[in-house]
1. Quick check on this structure: which one of PHE45, PHE57 is of a type in the set (Phe, Trp, Tyr), closer than 20 Å to LEU112 by Cα and at pLDDT 90 or above?
2. Filter the stretch 58-72 down to the residues that are in a strand (DSSP E or B) and within 21 Å of THR125 (Cα to Cα) and list them by number.
Amino acid sequence: MKSRAVLRRFRFYRWRAVPKRGKPLGGHVSSRRRFGDLEEKYQKFCSISGKVTVGTFKGFLAIFTKDLSGQKLSARVAGKWLVKDPITKYKSFDYLRKVRFTGAGYDIFVDLYLNGSFLRRELITTR
């Protein structure tokens, strides 16, 4: 932990520490560096045509993707991360199946991310 004397010399903002006198540490922080090129990310996300489905069977939760080969799928299942990068075919079929054991009779939140962008949240009751 830093001493109070050191901490008193800085004003803390959400994304950087700025000395009480002088320039911000690390120079100017532009909005492009903080947020990236949002327009480019939006166009890339909109150009994706595929399908992501979540289902359950025998206490397992399964995530199926179709027509998303080469993309990155991330899912937070009951607070634990499940990542598949890149998405590949399941056996010789044209889709991906990713399975996680959860147990039967639970209500589980599943957050789906595609290429790092939030897709949707689903509430699933396992069977």
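The values are calculated or read from the model by the stated rules, or taken from the named source; none is laboratory data. Predicted model only: the values in this text are computed from it and were never measured. Because the Cβ atoms are built from the backbone with ideal geometry, glycine has one as well, and the counts that use them run over all protein chains shown.
1. PHE57 is the lone residue from the list that is of a type in the set (Phe, Trp, Tyr), closer than 20 Å to LEU112 by Cα and at pLDDT 90 or above.
2. PHE60, LEU61, ALA62, ILE63, PHE64, THR65, listed by residue number.
For (1) surrounded by fewer than 16 Cβ atoms within 10 Å (Cβ to Cβ); (2) assigned by TED's automatic domain parsing to the domain that holds ALA62; (3) assigned to a loop (DSSP other than H, G, I, E, B); (4) free of Cβ contacts under 8 Å to residues at least 12 places away in the same chain, each residue gets a yes or a no:
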position	(1), (2), (3), (4)
SER74	no, yes, no, no
ILE87	no, yes, yes, no
GLY105	yes, yes, yes, no
ILE108	no, yes, no, no
PHE118	yes, yes, no, yes
